[in-house]
1. What's the exposure ranking of Thr89, Thr229, going from fewest to most Cβ atoms within 10 Å?
2. Calculated FRET efficiency, Ala257 and Arg169, Cβ-Cβ r, R0 30 Å, to nearest 0.05?
3. Below 8 Å between Cα atoms, with a sequence gap of 6+, how large is the relative contact order for the range 89-234 in percent?
4. Using the beta-carbon distance between Ser245 and Val46 and R0 = 45 Å, what value does 1/(1 + (r/R0)^6) give for FRET efficiency, to the nearest 0.05?
5. Can you work out ³J(HN,Hα) from phi for every residue in the range 121-127, in order, using Karplus 6.51 cos²θ - 1.76 cosθ + 1.60 and θ = phi - 60°, giving whole Hz and x for Gly and Pro?
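Nothing in this text is a laboratory measurement; each read-out follows from the coordinates by a stated rule. Keep in mind that what you see is a predicted model, and the values were worked out from it rather than measured. Cβ coordinates were reconstructed from backbone atoms using ideal geometry, including for glycine residues, and neighbour counts include every protein chain displayed.
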Amino acid sequence: MNAAKSRATTKPDRKRRGIAKSPDLSLAGPPRLPHLPTLHGRLELVDVVFGYGQGGNGGEPPPVIFDANLAAAPGETIAVTGGRASGKTTLLCLLAGMLRPNRGAALVDGRHPTDFDPVSVRNRVAYVPKHGVLFAGTILDNITLFRPHLQEAALETARLIGLEATILRMPLGFDTPLDASASQALAGGLRQLIVVARALTTRPRVLLFDDAGSGIDGKSDALIRNVLTLFKGQCTIVLASCEPSILDIADTVYDLADGRPTRREPETPRPTAVTRTWMSA
């Protein structure tokens, strides 16, 4: 890959190729909804109860999350683990402000994220789903979500997470067009890394990672674990996963069962075997 080609694929005013239909970004909520202020990244669930739909006679629906309490300090990495249909995705959506509790409070820096403009919340509280969606447009469009002012940040993010080298091996680089068939032709790991880059491009203060490393190839899985390690401490991270290699990254682990997250007690460190070295000679 020569320098001219690399520059050609990263020009901000480059000619867009392929179908460049932008996703619907009109989810800005009611008029005059305030923007979420700059965050430190403190997360809390306080006595949260949540269920989908409506219960009988207009009452509360059967709870998926029940009496949930959880806390993450700014810059802390926590993991939530549990079986299938245990509510891990629901819990992350509550923290992201995509769902409102039936009772209790889901708070970001002591504020209810549902009280703020959803676009501003997404820029500061990034959610990476298990199966990310790609849109018709170029690879760079998919990372920036068609926001030209984020192009430089998107390219830098792709470099940081190890995605740039793979993309620049393609004939059109970041200008590679994606439609439905092209998107399906991409390896699952590459598709997911594009979604991860999208989430990180706005430099969020909170990163919610919903089992996003499952079902991908080993190389991509290693890249995603490297991303989490790289950003650990720089933002608050919540990992929903059952993978031991992912749980090992967390400072704190919560076990989710019967709708309640329970903080796991730290394991007692194993005694380190004494090895005779020059220090003990």
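1. Numbers: Thr89 19, Thr229 11.
Neighbour counts put them in this order, fewest first: Thr229, Thr89.
2. Working from the Cβ atoms, E equals 0.10.
3. Working: 175 pairs, mean separation 45.0, N = 146.
RCO, the range 89-234: 31 percent.
4. Efficiency for this residue pair is about 0.90.
5. Running phi through 6.51 cos²θ - 1.76 cosθ + 1.60 with θ = phi - 60° gives 5, 5, 5, 10, 10, 8, 10 Hz.
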